[in-house]
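**Q** Questions regarding the structure given below will be posed in turn.
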Amino acid sequence: AMPILQSMGVHVIDERPYEVRRTDGTPSRIYDFGLAVDEEQRSSGEDLADMKRRFGGAFVAAWHGWCEVDGFNALVLAARLEWRQVAVLRAYAKYLRQIGSASPQGCVEQVPAPHPPATANLAALFTTRFDPALPGAGRDARCHALTSEIVAELDKVGSLDADRILRTFLQLIEATVRTNAFIAANLADGTPHLSFKLDPHRVPGIPKPVPAHEIWVYSPRVEGVHLRFG
């Protein structure tokens, strides 16, 4: 439990185990953790009940292996994202590794959380582009407005590396043609596998071969992409 909690940006300040016996006589244990959250790791003015719901859902997902335990989990608190939204950004980061990104994976993981407005809008842009439950009328206008907000936020980023990584996330979302992220099977409990149909010609600096399209498949258990190995 400790690595999961720490990956989500909280400090474990105490732990109290309790031994209980269920009604069928089976012995069991309950572990009560006391947690503290840095102010910069949570959104100001956030509803506590909603934060608990998202945090609990993300912990359960990591506990069952539905999502990975890494620095991206801090976005659940920092950017108010659901764990499945975090999984989308993680999947794009893994694709960057496949196409030879110069940034180590650990560095990429640490970039989004300190920039919650831009990161939240990146997740919102992905949802707006591809969620079929949203009304189609005005979708392009909403995407354009979100993109403008993201670019405005990125212009405020002081680190060149952070600016480059966040802009690459934006480029990858814009280069995505289709995804399975919103099909019913991926919204149910269980290990989701994410597939992205990409237009590689819209990804700056992508190494050859550059096909007309390629499919990137990601889950905590396996990663695969057309024509690339590693």
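The values are calculated or read from the model by the stated rules, or taken from the named source; none is laboratory data. Because the structure is a prediction, the values reported are computed rather than measured. A quick note on method: Cβ atoms are made from the backbone with ideal geometry, for glycine too, and the neighbour counts reach across all protein chains shown. In case anyone asks, the SASA skips ligands and DNA or RNA and just uses the protein heavy atoms, side chains included. Shrake-Rupley method; radii C 1.70, N 1.55, O 1.52, S 1.80 Å.
**Q** When only the heavy atoms of the protein chains count and the probe is 1.4 Å, how do MET2, MET8 rank by accessible area, highest first?
**A** Working: MET2 75, MET8 0 Å².
Heavy-atom accessible area, descending, gives MET2, MET8.
**Q** So the label point goes 7 Å from the Cα of ARG22 along Cα→C-beta, right? Which residues of the range 57-72 then have their backbone N under 20 Å from it?
**A** 60-61, 63-65, by backbone N distance to the label point.
**Q** I would also like to ask the following. How much accessible surface does LYS156 have with a 1.4 Å probe, in Å² rounded to 10?
**A** 150
**Q** Please list 3J(HN,Hα) in residue order for the range 195-207, calculated via the Karplus relation 6.51 cos²θ - 1.76 cosθ + 1.60 where θ = phi - 60°; whole Hz, with x for glycine and proline.
**A** Ordered by residue, 3J(HN,Hα) equals 10, 10, 8, 10, 9, x, 5, 9, 9, x, x, 5, x Hz.
**Q** Just the accessible area for THR179, please: 1.4 Å probe, Å², rounded to the nearest 10?
**A** About 40 Å², rounded to the nearest 10.
**Q** With the full set of protein chains in place, find how many percent of the accessible area of the range 1-142 is carbon and sulfur; take the probe as 1.4 Å. Don't skip to the answer; put the middle values down first.
**A** Working: 3950 of 7220 Å².
Carbon and sulfur atoms account for 55 percent of the accessible area of the range 1-142.
**Q** Additional query: Taking the Cβ of GLU15 as the centre, find all other residues whose Cβ is under 13 Å away and add up their charges (Lys, Arg: +1; Asp, Glu: -1).
**A** Values: positive: ARG16, ARG29; negative: ASP14, ASP32.
Around GLU15, the charge tally is 0.
**Q** In degrees, nearest 10, range 0 to 90: what is the angle between the Cα axis of helix 116-130 and the longest Cα principal axis of the chain?
**A** The angle comes out near 70 degrees.
**Q** Relative to the longest principal Cα axis of the chain, at what angle does helix 48-63 sit, 0 to 90 degrees, rounded to 10?
**A** That works out to roughly 90 degrees.
**Q** Could you please put TRP83, TRP63 in sequence from largest to smallest accessible area, using a 1.4 Å probe? It would help to have the intermediate numbers written out before the result.
**A** Details: TRP83 25, TRP63 150 Å².
Ranked from most to least accessible, the order is TRP63, TRP83.
**Q** Give me the Kirkwood hydrodynamic radius of the chain, using the inverse of the mean 1/r over all pairs of distinct Cα atoms, in Å to one decimal. All intermediate terms of the calculation are to be shown ahead of the outcome.
**A** Working: mean 1/r = 0.0526 Å⁻¹.
Answer for the chain: a Kirkwood hydrodynamic radius of 19.0 Å.
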